[in-house]
Amino acid sequence: MLNQLFQAMIVYTRLCFFKDSPASLPYSHLQLMLVMGICLFMRVIAFGTTLKIDWTDKIITSMASLILLAVFIYALLAFNKKPDRFHKLLSAMLGVEIIVSLIIYPLGLILPNNQVPAPLVAIIMLWILSIKGNIFRKGLEFKFSSSVLIAFAMECFSYIPQSLIVFSLVAAQAPVK
């Protein structure tokens, strides 16, 4: 199992540099659950550093975000009559998120004030959208430009729970007149 996970991490890394496809990933429920757990942990930690909220809210929000991501991918595949690709496509999306996070988080720690400059954030976001667009392109057999737009919609859709928490915190801190 450990060897299989290591091989999957190699595929996830290759996906980040546009050198592989989700079809190269093994079909393993255990691996998908493990990748989902790691991704959930990383999202909770990342979300926890940006806002000072209760741990249960962080976990629930991160879980809801992952569920929305899975629903979005499944609905997209079902609409295109390719639901059999769900397992590998979800695994690829989450694995790539883990690899990119392992690159970005240390970068934020070494920069002054732990803040990544806006131009670098824009470049990283374009890279992430390109990676996920490429995964959709290979998984759905779409044009690259359409796939990047789908990846953008997916990112917006999967962050709805986090934005709801942010808006509720802002509303709670607003002075009452």
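Just so you know, all these numbers are worked out from the coordinates, no wet-lab data involved. Just so you know, these numbers come straight off a predicted model, no measurement behind them. Using ideal geometry, Cβ is built from the backbone for each residue, glycine included, and neighbour counts are taken over all protein chains shown.
Some points to look at:
- Taking only the C-alpha atoms of the chain, Rg followed by Dmax gives 16.9, 61 Å.
- Sorted by Cβ density within 10 Å, fewest first, the residues THR13, THR56: THR56, THR13
- Helix screen, the chain: DSSP H segments with Cα axial length of 30 Å or more and mean Kyte-Doolittle hydropathy at least -0.5 are 29-50, 55-79, 86-110, 118-140.
- Each label was represented as a point 7 Å from its Cα along the Cα-to-Cβ direction; for TRP127 and MET33 these points are 3.3 nm apart.
- Residue exposure proxy: ILE104, ILE150, ILE160, ordered by other Cβ atoms within 10 angstrom of their Cβ from fewest to most, comes out as ILE160, ILE104, ILE150.
- In this Cβ point-charge picture (+1 for Lys and Arg, -1 for Asp and Glu), the range 2-173 has a dipole of about 420 debye about its Cα centre.
- Exposure proxy ranking, count of Cβ atoms within 10 Å, fewest first, for ARG14, ARG43: ARG14, ARG43
- log10 of Debye I(q)/I(0), alpha-carbon scatterers only, for the range 55-159 at 0.13 Å⁻¹: -0.53
- Only lysine pairs 8 or more places apart or on separate chains count here, and in the range 2-173 those with Cα atoms under 30 Å apart total 19.
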